[in-house]
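The values are calculated or read from the model by the stated rules, or taken from the named source; none is laboratory data. These figures come from a predicted structure and were not determined experimentally. Cβ: placed from backbone, ideal geometry, glycine included. Neighbour counts: every protein chain shown. Protein only, heavy atoms only, side chains kept; ligands, DNA and RNA dropped before computing areas. Shrake-Rupley method; radii C 1.70, N 1.55, O 1.52, S 1.80 Å.
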Amino acid sequence: MIRFEDVSVTYDGADRPTVRGVDFEVPEGELVLLVGESGVGKSTVLGAVGGLVPHFTGGTLRGRVTVAGRDTRTHKPRELADVVGTVGQDPLSHFVTDTVEDELAYGMESLGLAPDVMRRRVEETLDLLGLAGLRGRSIATLSGGQQQRVAIGSVLTPHPKVLVLDEPTSALDPAAAEEVLAVLQRLVHDLGTTVLMAEHRLERVVQYADRVVLLPAPGAAPLLGTPADVMAVSPVCPPVVDLGRLAGWSPLPLTVRDARRRAADLRERLDGREPVPTEAVPATPPPLPVPRQASRWRLRRQAVPEPGAEPAPVAEVRSLSVRRDGIQALLHVDLSLAPGETIALMGRNGAGKSTLLGSLVGLVEPSGGSVRVSGAVPHRTPPRELVRRVGLVPQEPRDLLYADTVAAECAAADQDAQAAPGTCRALVSELLPGVTDDTHPRDLSEGQRLALALAVVLAARPPLLLLDEPTRGLDYGAKARLVALLRELAAEGHAIVLATHDVELAAELAHRVVLLAEGEVIADGPTAEVVVSSPSFAPQVTKILAPQRWLTATQVREALA
C-alpha cells in the first residue's frame, strides 16, 4: 500500500539530507510504527506519504514514494486526499471550520459524498472517539486533547485507505489514548486500513504495531523489524522494555501483561526493599547549588528563609472558580505551592488543567475565589513585572516564538527578561545540543520547539514555572534532559507545576499529584499514594510490580545496585 524506494529528502539551504536511504514497504491492513529520537526525520517520512513533502515543504525528494500505486512526486496532496488521511503534530493547523460537527463533515464535502452518507459517518465518528457531547462546541473552546480527537476524527470520516498520524496520542489522557488506539486497531483489523504512525510515547502504542521502523540517526538508513526485535536495539524504548532489559528477560515484553507473567522473580529480589521516593520538599530549602551554567544563565538566587522558618508559599489558590463560555471550567479549587515543590496536574481532557495554569499566569480572570503568585494578583499585574514572578510554557510553543532564527529568539528573550546576553542561548545549548543559531524555529520538530520555548521562559528565572504538556513531542532522551533541568530548578527553590497526561513523567519528577475532574480537585497527595491507587494514572513499572510500590525503572535499578 505504501512503498518507499531509496528515498532521501534534502530541504532548501540544508547541507545534508534530513532522511537518507529510506526503503521499506507497508502492506495493506498493517499498523507500522515509526520510532526514533527527536529530529531524526520522522515527520519528514510521514509527510512524504501524503505528498506534503516536497510539494508543500519544498526541498528535494530523491527516490520514489508510492501510495496505492500513485507516485507522490506527480500527485499533489489534493490528488491523494481520497486515499491518504493525515494528522500532524499540531491539530490546530488542520481545522478549517468553527464547530466539531462541521469539521468532521468538511473532508467528506470536499470529496462530494452524499449528505446521507456524511450524516451517518459523522455520527459513527462522534461515537467512536467519544465526541458526541462536544458536537456543537466551538473548536476554539476545546482542550488540546479534545482538539486532537477532533483532528483524528476529521480524517476518519472520509474512510481513507491510508492513515498517517504524527504523535496522535501526545495530548490525550490515558483513557482517551486507549480509546483512539482501540479505534485504530479496529480500522486495521476489520476494515483493512493501513496506518503509518510516529509516536514518542511508546508505552502506549508499541504493543499495537505489526512492525516497527527505527530511524537511528539523522540521515541514517532505517531498521525494519518486529516490535520485539527493534526494541531490543532501539535507543528509545518504553519503561516495560527498560525493565525487561534490566531484569534480563528474553524475549523482551511489550505489554504490562507479558511483563507481569515474568516478574515473580524480580518481585522476590525486590522484596523487603523500599523505593527511594522523589525527594520531599524540605520545610527550609537547602543552600542553593551553583549549576554548571551558572555564570552564563543564572540570574539570581531565590531567597532562603532563616533556619526553622516556614517558607512562604510561591503561589496560593483559594476557592478558585472560573466560568468560560458558559462552562464551569474550575470550581472551588484550593492549591498551595511551596518553594522547591514539583506538582503534576492530571486528569481527563477538559478537566480544567490548562485553565488552572492560565489563572496562575494571569491569562484567565477568576469568576470567584482568589489567586496570588509571589504576593501579586496575576491578572492585575503588568506583563513585564509578571514575567519575573511566573512563566508559562504553553501546549503550543509557537505561541511564544516569533523570530526568524534561534539566535534572534534568544536575544529577544534576554531583552524581555532583562537578563544578561547569552542567558537564553545557554539554556538552548543544554536542552537542544547541536541546534545552530541560524536555525528557523519552524524547521525544528515539535519537541525541539517546545524546548526552545522553555528556554525563552526560563530566561527570566521566575520563582513559579508552569508547563502545559511539556513532554509532547519529546523522545525519551529529551525527556530525561528536561527532567534533569527541572530537578535542578526545584533544588534551587523554584516551584514547578506540570499539567500532563504523561504518567511516566509524573512518576519520575513530581512530589505531589493533583487530580482534577470536571473542574474540581478529587485527589491531592504524594505521587506514590495517588498514582498507585489509580489504574488509569499508574505508570508501567507500578502495574508490573504491584503490590510493591515501585514507580520507575530507575528506582528498581538503584535498588538492585
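Just a few scattered comments:
- Restricting the range 114-156 to residues that are touching a strand residue (DSSP E or B) at 6+ places or on another chain (Cβ under 9 Å) and among the polar types (S, T, N, Q), the residue that is nearest to residue 188 (Cα to Cα): 154
- Near pairs, Cβ below 8 angstrom, 6+ apart or cross-chain, from the range 372-392 (part of a helix (DSSP H, G or I)) to any residue that is loosely packed, with under 15 Cβ neighbours inside 10 Å and of a type in the set (A, V, I, L, M): 379/363
- Lone qualifier among 176, 171, 198 - being closer than 19 Å to residue 132 by Cβ, surrounded by 20 or more Cβ atoms within 10 Å (Cβ to Cβ) and not acidic (Asp, Glu): 176
- Selected residue [outside any loop (DSSP other than H, G, I, E, B) and either within 24 Å of the chain's Cα centre (by Cα) or crowded, with 17+ Cβ neighbours inside 10 Å (or both)] from 40, 53: 53
- Failed condition for residue 475, given (1) surrounded by 18 or more Cβ atoms within 10 Å (Cβ to Cβ); (2) closer than 12 Å to residue 397 by Cβ: (2)
- Taking first residues from the range 19-33 that are in contact (Cβ under 8 Å) with a residue 40 or more places away in the chain and closer than 16 Å to residue 227 by Cα and partners that are in a strand (DSSP E or B) and open to solvent by 10 Å² or more (accessible area, probe 1.4 Å), the Cβ contacts under 7 Å between residues at least 6 apart in sequence or on separate chains come to 24/224; 30/211; 32/211.
- Any chance residue 18 is farther than 11 Å from residue 215 by Cβ, among the β-branched types (Val, Ile, Thr) and open to solvent by 30 Å² or more (accessible area, probe 1.4 Å): no
- Counted residues, the range 2-15 - those being within 19 Å of residue 34 (Cα to Cα) and open to solvent by less than 50 Å² (accessible area, probe 1.4 Å): 5
- Looking across the range 112-133 at every residue that is in contact with a Ser or Thr (Cβ under 9 Å, 6 or more places away or on another chain) and assigned to a helix (DSSP H, G or I), the one that is surrounded by the fewest Cβ atoms within 10 Å (Cβ to Cβ) is identified as 124.
- Put simply, of 506, 517, 495 the only residue that is among the small types (Gly, Ala, Ser), within 29 Å of residue 328 (Cα to Cα) and surrounded by fewer than 22 Cβ atoms within 10 Å (Cβ to Cβ) is 517.
- The residues of the range 541-554 that are part of a helix (DSSP H, G or I) and open to solvent by 20 Å² or more (accessible area, probe 1.4 Å), listed by number, are 543, 554.
- Residue pairs whose Cβ atoms lie under 9 Å apart, sitting 6 or more positions apart in sequence or on different chains, and linking a residue in the range 66-92 that is farther than 14 Å from residue 152 by Cβ to a partner that is of a type in the set (Asp, Glu) and assigned to a strand (DSSP E or B), are 66/5.
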